[in-house]
Every structure is written in structure tokens, then in C-alpha cells.
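Below: one structure, written as C-alpha cells.
The values are calculated or read from the model by the stated rules, or taken from the named source; none is laboratory data. Keep in mind it's a predicted model, so treat the numbers as computed, not measured. Because the Cβ atoms are built from the backbone with ideal geometry, glycine has one as well, and the counts that use them run over all protein chains shown.
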Amino acid sequence: MAGSQAKPVIEVRALTQLEEVTDAVRLQKEIWGFEDIELLPLRLFVVATKIGGQAFGAYDGLRMVGFCLAIPGLKPGGKYYLHSHMLGVTHDYRNAGVGRLLKLAQRDDAIARGVPLMEWTFDPLEIKNAYFNMQRLGAIVRRHVYNQYGLTSSHLHGGLPTDRCVAEWYLDTDRVRNIIAGTPPPQPPIEARIEVPTAIERLRLEDPAEARRIQKTVSDQFQLHFSNGLAVVGVEKNSETGTFLLAKWDSK
């Protein structure tokens, strides 16, 4: 794709061969720069697909350019869902719609199997990703976790604690169907906003102490608003800030 203006033709398919899974394990290191001890092993991919999880790869020809892995989960009361643990796209395909294709493949497969909910964690400092989750997929957020995975070796995490929001994606609801189709429903009344400066990406590298101060301020606001019954229902962004929009959320 590098050096070409033509949009690639991406095929998404389930990973069923060990060679395909090996490519996904390799891509983890390429995308996140994890040390070997932090890589999800091949065995986890294999087991996940045998116990109700998912593993999909996105291909441009013979080259895998993205992948995702989900594992089955169980809520109190015996309600099943899928936890999408990892989705990654190689750097040179990040603006080619690969992530969306992978998420939609996960959704189609889950709905076909009668699974109503998928969840995943994401870094709220990554505004582009947050915007994608809310505005392009229709997820909501009602939970936040401090330092979910501890400190990691990934350059993408910039040495900061892995504070995470938990996305809830109710797969076959009117809200999600409409947003995926490009006709988002009206927002409920917005009661709070949380702003994240886009400069956080630069600060991770140039001023980690300031980046950590911003991260903690943002995380504390999530904790406060979620404890008061609010949920993230949308994200706005411009060149200077990303803004999480919070409202009461009483139903799916």
C-alpha cells in the first residue's frame, strides 16, 4: 500500500490455520512493540476459537494487515458476552477502514450465534479510537479502571499507567444499527463533558509528568461521573481537544 493512492481491497476471514495465527502473534510485536513476555501466545488464539471466542484476520492479498481476538465471558446471572481483548492494524493501513471491517465481522458472527453484547477496553487518551468506538460503532461507556494492565513495554503506552474505559457494544439494537448505517439517533441530554487535549500524544514523549497529570485528571472525572449514573454516549473532536459527552443511560 505504501506509495500507492489506490484503496486496498481488504478481506476479513476467520483464522483457522496455525500459520495464520502465527502471523497474528507476530503482528502484536510489530504494532505495539511488546516484549515477548507480554505477547498473547499462539495457544490462546487457538483455544479462544474452540470455546466460543473469535479470531479474525484482515488481508490485503496474502499479507495480514490487521487482526482481532475475542474471548467468551459470563456476566452475573448467566448472561454470555464476548470480550474483544485485542484488535490491531499495521501502521500503513490505519486509515484504510481495516479496524471497522474487523469489528463488523465480529458483530456479524456474534449476532449469528445469538450473542447480544461485546465489550472491550480502550485508552481514553486515544481520541481517534474513542471517536471510532462511540461515533462509528455506537458503543457506550459506563466503567473506568485505573491501571488495568499495569505498566507495559509498549511504546504506544508511553510509560503511563494503563487507565482504561470499558466499551459496551449492544450489537443488535436500534442505536447500533442506525449508527453503523450512518444515521445516528438523537443524543440524550448531555449532562457532563470530559476534555482531553490532543497534545497528549506529544506530551507522552516530551513531558511524561504532565501527560500523567492530565491522565489522572481525566480518569478521576470518569470515576466521578460514572458513580453518578452517567455514561459516555458520544465523542466530539477537533484539532485541539477531544470531548467525551456524558448523559443518563437507563437502557440499552
Self-check item: Options LEU74, LEU125, LEU82, LEU102: the member that is among the hydrophobic types (A, V, I, L, M, F, W, C) and within 20 Å of ARG26 (Cα to Cα)
Solution: LEU102
Quiz prompt | Number of positions in segment 211-252 that are over 22 Å from PRO184 (Cα atoms), over 20 Å from the mean Cα position of the chain (by Cα) and buried (at least 18 other Cβ atoms within 10 Å of the Cβ) | solution = 4
Practice problem: Consider only pairs whose beta carbons are under 8 Å apart and that are at least six residues apart or on different chains; among these, list those whose first residue lies in segment 2-19 and is within 13 Å of LEU101 (Cβ to Cβ) and of a type outside the set (Phe, Trp, Tyr) and whose second residue is modelled with pLDDT under 70 and surrounded by 10 or more Cβ atoms within 10 Å (Cβ to Cβ). | Solution: PRO8/MET1
Self-check item: Condition met for GLU20 (among the acidic types (Asp, Glu) and outside any helix (DSSP H, G or I))
Solution: no
Exercise. Taking TYR80 as meeting all but one of (1) assigned to a strand (DSSP E or B); (2) surrounded by fewer than 14 Cβ atoms within 10 Å (Cβ to Cβ), write down the number of the exception.
Key: (2)
Quiz item: Looking only at residues in segment 83-96 that are polar (S, T, N, Q) and surrounded by 15 or more Cβ atoms within 10 Å (Cβ to Cβ), which one is farthest from THR121 (Cα to Cα)?
Solution: THR90
Quiz item: What is the number of the single condition among (1) under 30 Å from ASP207 (Cα atoms); (2) among the charged types (D, E, K, R); (3) crowded, with 16+ Cβ neighbours inside 10 Å that ARG175 does not meet?
Solution: (1)
Quiz item: Residues in segment 31-38: is at least one buried (at least 19 other Cβ atoms within 10 Å of the Cβ) and either part of a loop (DSSP other than H, G, I, E, B) or of a type in the set (Phe, Trp, Tyr) (or both)?
Solution: no
Quiz prompt | Filter pass, LEU69 being surrounded by 14 or more Cβ atoms within 10 Å (Cβ to Cβ), of a type in the set (A, V, I, L, M), in a strand (DSSP E or B) and touching a residue at least 40 places away in the same chain (Cβ under 8 Å) | solution = yes
Quiz item: Under the condition of being among the hydrophobic types (A, V, I, L, M, F, W, C) and part of a helix (DSSP H, G or I), which residue from segment 98-121 is surrounded by the fewest Cβ atoms within 10 Å (Cβ to Cβ)?
Solution: ALA112
